[in-house]
Amino acid sequence: MGKDLGRYLFSSSVVALIGGLGSGKTTLIQGMARGLEVSSPVKSPSFVLIREYAGRLPLYHFDLYRVTQDKEILNLGCEEYFYQKRGVVVIEWADRIKRYLPSEYLGISMSIVDASSRKITFRPSGALYQQIVEKMRNHLKREI
């Protein structure tokens, strides 16, 4: 699913992931990276906060797990990534930055169903992201 999603993302896309530990956020991003043709391994940037990867479009991977204060978020330079960089921004623990997100983005909620299953809910904000969700829905129907 992540690989397919990565193929549909466009320059300046913002994907906001919300879910608990072990819900699959990093695994989904690894799939998105394959769809964006990123060749280097993608890992959780928990101690670095932002990792950048080259691909068909650059991938900017934020992990805000350790961020606790608004000033830490502002010091990351999020606006530069949201509005000036020409790549795909994916944010783990996006609930910690929600008030700073652009008005249009793709929200994805993830939760654990059992040891091998996850529930993924797409929450598009904006027409372009709604189109991506429709493409994903149509793609999944063809695979079933």
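The values are calculated or read from the model by the stated rules, or taken from the named source; none is laboratory data. Worth saying up front: this structure is predicted, and the values here are computed from it rather than measured. Cβ sites come from the backbone with ideal geometry, for glycine too, and all protein chains shown count toward neighbours.
Listing for the model above:
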| read-out | value |
| --- | --- |
| Lone unmet requirement of (1) modelled with pLDDT under 90; (2) crowded, with 19+ Cβ neighbours inside 10 Å for residue 36 | (1) |
| Test result for residue 60, touching a Gly at 6+ places or on another chain (Cβ under 6 Å) and aromatic (Phe, Trp, Tyr) | yes |
| Spans of helices (runs of 4 or more DSSP H) in the range 46-144 with at least 1 residues of a type in the set (A, V, I, L, M) and either loosely packed, with under 13 Cβ neighbours inside 10 Å or touching a residue at least 60 places away in the same chain (Cβ under 8 Å) (or both) | 70-75, 127-143 |
| Selection count where residues are polar (S, T, N, Q), in contact with a helix residue (DSSP H, G or I) (Cβ under 9 Å, 6 or more places away or on another chain) and touching a residue at least 24 places away in the same chain (Cβ under 8 Å), scope the range 1-43 | 4 |
| Top-ranked residue of the range 17-38 - restricted to ones that are assigned to a loop (DSSP other than H, G, I, E, B) and within 15 Å of residue 52 (Cα to Cα), ranked as nearest to the chain's Cα centre (by Cα) | 36 |
| Residue check, residue 118 among the basic types (Lys, Arg), closer than 29 Å to residue 71 by Cβ and at pLDDT 90 or above | no |
| Scope the range 7-16; condition outside any helix (DSSP H, G or I) and more than 14 Å from residue 62 (Cα to Cα); matching residues | 9, 10, 11, 12 |
| Which numbered condition residue 76 misses (of (1) under 15 Å from residue 96 (Cα atoms); (2) of a type outside the set (D, E, K, R); (3) modelled with pLDDT of 85 or more) | (3) |
